[in-house]
Amino acid sequence: MNEPFPVSPPRAWAEIDLGALRKNLAVAREAFGGGLMAVVKAGAYGHGLEEIAKALAAQEIAFFGVANVGEARRIRNAGVATRIYLLGATWSEEREEIVAREWTPCVSSIAEAEHFNRIAANHGKRLKVHLAVDTGMGRGGFVAENLPEKLALLDRMENLEIEGIGSHLPSADEDAEFTLRQFERFHAIIRELGGAERFKWMHLSNSAGLLGFDQGLCNLSRPGLMLYGVSPLPGFQEKLATVMTLKSRVTLVRTLPAGHGISYGRQFVTTKPTRVATVGIGYGDGYPRQVSGNGADVWIRGRRLPILGRVTMDQLMVDVTAAEDVTEGDEVEIFGPNIPVAEIAVKADTITWEIFTGITPRVLRCYQE
Ligand SMILES: *Cc1c(COP(=O)(O)O)cnc(C)c1O
């Protein structure tokens, strides 16, 4: 169909700086000299799975870490040949494809390993798998008792190669003491299973583990968040570069008289004549409605300006009384270099991971080198 009208510019878009992504990868490398698994689950934390995988493909990454075979398939279909690691447990229906495409699962039970072993035998393959152990996360992995016996069983499965061992940190950004004990436990498990020579890859750290702790025997880390420019630990933020800048535009500017309610529920009522800009982004784009009334700001024409009243599905209102030059069509930074995404997460009573992954498909992702 021929559309006679000009293409409408998007109301909200995310500018994604691939140079900043690679800079953050270099920060991870500098912090830890071992191998890197770049975690790109959930559409690379909302940054766009294929584009991020392609941007990192030439960076000597050992693995891309994904949540499921759908994500693995998208990376493969993008023409990226880097090895793919499945971070969580797999369903039995997914395993045929995992074996056929030589993706790397972690195994949490003997039954799962046996199933992989049978499928690999049918394919005439030897599948590389990692032994997942639960050292405190409570989400997956073998419970850490009688591990030598379990490894002996796995070793007897001829079509599996136990290439690595991994575990996960539940509170590396909240509880250093517990995390240090977890590193000790993980090391003790590796020694109990025959020492570091036994595994090609040993991995425990997410971003916080990588930035905040000595890696000891570990020779692979699994950073996610820090690659996208946010440090889960204070003190490292200055080293990281902003990757995503979420933007929108002013659609309307009006002056409302004193005593005028703004947005649903009328939780904000003007006390004086107020110049109000309406901006074309809302919770339908993934901007959290929960910031309403919590003092979140946006950035227009070099100024921080406060949101008024509740965030609506497609629009939000901003007090531009102090910024007389603000006019219809002006670009608005919702978060980015001037409004840290971490600040929005705090005001929405959530975490940056959730803000990033909540940005909806309606928001156009624009990539810059
Ligand atoms: C998501 C995830 C990571 C990455 O965590 P970040 O805190 O984003 O660095 C690492 N390992 C596992 C098992 C994960 O699920």
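Side notes on the structure shown:
- The range 71-104, subset in a loop (DSSP other than H, G, I, E, B) and of a type in the set (G, A, S), residue nearest to L225 (Cα to Cα): G88
- Those residues of the range 320-337 which are more than 19 Å from L246 (Cα to Cα) and either open to solvent by less than 30 Å² (accessible area, probe 1.4 Å) or in contact with a helix residue (DSSP H, G or I) (Cβ under 8 Å, 6 or more places away or on another chain) (or both), in sequence order: V320, A323
To keep it simple, each residue is scored yes or no on (1) under 17 Å from M137 (Cα atoms); (2) open to solvent by less than 10 Å² (accessible area, probe 1.4 Å).
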residue: G194; (1), (2): no, no
residue: E197; (1), (2): no, no
residue: K200; (1), (2): no, no
residue: D214; (1), (2): no, no
residue: P223; (1), (2): yes, yes
residue: L227; (1), (2): no, yes
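- With respect to being within 19 Å of the chain's Cα centre (by Cα), hydrophobic (A, V, I, L, M, F, W, C) and farther than 22 Å from I52 by Cα, L210 falls outside the description.
- If only residues of the range 37-48 that are buried (at least 22 other Cβ atoms within 10 Å of the Cβ) and not aromatic (F, W, Y) are counted, the one that is nearest to the ligand (Cβ to nearest atom) is V39.
- Here A152 meets each of (1) under 22 Å from A89 (Cα atoms); (2) of a type in the set (G, A, S); (3) within 16 Å of the ligand (Cβ to nearest atom) with one exception, condition (3).
- When we screen G33, G19 for residues that are open to solvent by 20 Å² or more (accessible area, probe 1.4 Å), small (G, A, S), away from the ligand (no atom under 16 Å from the Cβ) and part of a helix (DSSP H, G or I), the only hit is G19.
- Residues of the range 55-70 satisfying the condition of being in contact (Cβ under 8 Å) with a residue 60 or more places away in the chain and in a loop (DSSP other than H, G, I, E, B): A62
- Residues located in the range 75-110, provided they are hydroxyl-bearing (S, T, Y) and more than 16 Å from the ligand (Cβ to nearest atom): T82, S92, S109
The values are calculated or read from the model by the stated rules, or taken from the named source; none is laboratory data. What you are looking at is a predicted structure, and each value in this text was computed from that prediction instead of being measured. Backbone-built Cβ (ideal geometry, glycine too); neighbour counts: all protein chains shown. Note: areas computed on protein heavy atoms with side chains; ligands, DNA, RNA excluded. Shrake-Rupley method; radii C 1.70, N 1.55, O 1.52, S 1.80 Å.
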